[in-house]
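Since the structure comes first, as structure tokens, the remarks are kept for the end.
No lab work stands behind these numbers, since they all come straight from the coordinates. Since this is a predicted model, take the numbers as computed values, not measurements. Cβ sites come from the backbone with ideal geometry, for glycine too, and all protein chains shown count toward neighbours.
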Amino acid sequence: MTPSASPRRTTPLVALLALLIVAALGLAGCGSSSSKGSSSKAGSSSAAAKPAGMASIAEASLPAEARDVIKRIDDGGTFQYRQDGVTFQNRERQLPSEPSGYYREYTVATPGAADRGARRLILGRNGELYYTPDHYKSFLWVLRGGAT
């Protein structure tokens, strides 16, 4: 084998190796779907661990109005209140401490209430979902599609 023939034979090998590396790197990122706001599926409550001592509730056990809001979040849809989708500040410190902008809040309409009512859904950037029936006094970890 002459020195000039060697590059012709190794070039396809190097190209194949480079292709395999690129493909492997691409597949390594396939499982992550962290994104901002409503485009993050609310269904991935398993993306983060349930806070210790926090009670949970199955999505199917939530009020119908809450399930409707979850569907709108999942669909990236429109919301009834202009405040929906704004940053939840976590001033009460009931949820795990995260950087500003991590949590988004959505109103869950309260039948018969003259205003927005007390019920809210809070969505974390990693898909974790919380429900508060009493305007941030307490929170429940929402189990998407499952039982408590």
- What is the list of residues in the stretch 82-110 whose amide nitrogen lies under 17 Å from a point 7 angstrom out from the Cα of Ala55, following Cα to Cβ? 94-95
- Task: Positive end of the charge dipole of the stretch 37-143 (Lys, Arg +1 and Asp, Glu -1 on Cβ, about the Cα centre): tell me which of Ala49, Leu143, Gln89 has its Cα farthest that way.
- Result: Gln89
- Item | trypsin sites (Lys or Arg not before Pro) restricted to the stretch 89-121 and DSSP loop, no more than 10 other C-beta within 10 Å | Arg91, Arg93
